[in-house]
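One structure is given below, encoded as structure tokens.
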Amino acid sequence: MTNPKRQEYIKLLSDRLISSKEKLSLCESCTGGLLSKILTDTPGSSEWFEGSIISYSNALKTRIGVNEETLLNHGAVSENTAIEMAKNTKDLINSSVCVSITGIAGPEGGSDEKPVGLVYFCFYKSELNYKIFCKNFNGDRLSIREQAADEAIKIVVDNF
């Protein structure tokens with residue numbers, strides 16, 4: 001997403017969160033805080049952005065409440081882990097909605113089953129209101145992280 005397009009989506013995200021009086025939180029893994037940085041670069045983001053957790057390691061994922069069995073049975077890069085990351089972060093931060101991002105940015109760490117560029121997202125409002133998204137991005141590490149951050153912004157906009 002080009003910067004003007006990104007800014008357009010952030011404006012939509014901001015307007016929707018403000019009009020609904022809701023606050024967003026994030027749980028980032030493969031993006032390593034990039035999305036938090038992008039959002040907080042926006043003046044006035046404190047009106048709608050509550051905060052984030054960067055749960056890069058599996059150890060931190062378990063400390064925020066991701067079940068060890070989920071990590072063992074499905075892996076850190078899975079829809080199950082994305083759901084638990086989003087739910088637990090939403091509860092910890094006490095936000096209205098949380099988006100989680102977990103994936104493989106590369107250049108190493110991929111496999112045939114889970115290639116570099118595979119990213120799972122969870123848009124989580126409640127146990128009865130959440131959506132999972134899975135994308136496969138191409139490019140180098142930075143490009144994959146940028147694409148994942150932009151996709152997460154679009155997910156929030158599209159689901160409000």
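The values are calculated or read from the model by the stated rules, or taken from the named source; none is laboratory data. Just so you know, these numbers come straight off a predicted model, no measurement behind them. FYI the Cβ positions are ideal-geometry reconstructions off the backbone, even for glycines, and counts take in every protein chain you see.
Tabulated data for the structure shown
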read-out: Residues of the stretch 99-140 classified as at pLDDT below 95 and either on the phi > 0 side of the Ramachandran plot or of a type in the set (A, V, I, L, M) (or both), total; value: 1
read-out: Subset of the stretch 65-98 (residues that are acidic (Asp, Glu), surrounded by fewer than 22 Cβ atoms within 10 Å (Cβ to Cβ) and closer than 15 Å to residue 126 by Cβ); value: 91
read-out: Test: residue in the stretch 118-132 that is among the polar types (S, T, N, Q) and over 13 Å from residue 31 (Cβ atoms); value: yes
read-out: In the stretch 148-160, residue nearest to residue 82 (Cα to Cα) [restricted to those that are without any contact (Cβ under 8 Å) to a residue 40 or more places away in the chain and touching a Lys or Arg at 6+ places or on another chain (Cβ under 9 Å)]; value: 151
read-out: Single match in 101, 64, 18 (criterion: closer than 27 Å to residue 143 by Cα, of a type outside the set (Phe, Trp, Tyr) and touching a helix residue (DSSP H, G or I) at 6+ places or on another chain (Cβ under 8 Å)); value: 101
read-out: Test set (1) of a type outside the set (Asp, Glu); (2) crowded, with 18+ Cβ neighbours inside 10 Å; (3) under 16 Å from residue 150 (Cα atoms) - residue 40 fails condition number; value: (2)
read-out: Contacts under 7 angstrom Cβ, first residue in the stretch 83-97 being touching a residue at least 24 places away in the same chain (Cβ under 8 Å) and more than 15 Å from residue 36 (Cα to Cα), partner assigned to a helix (DSSP H, G or I) and charged (D, E, K, R), 6 or more apart; value: 85/61
read-out: Matching residues, the stretch 99-158, being among the small types (Gly, Ala, Ser) and either exposed (fewer than 15 other Cβ atoms within 10 Å of the Cβ) or part of a loop (DSSP other than H, G, I, E, B) (or both); value: 105, 106, 109, 110, 111, 117, 126, 139, 143
read-out: In the stretch 1-54, the residues that are among the β-branched types (Val, Ile, Thr), within 22 Å of residue 91 (Cα to Cα) and free of Cβ contacts under 8 Å to residues at least 12 places away in the same chain; value: 40
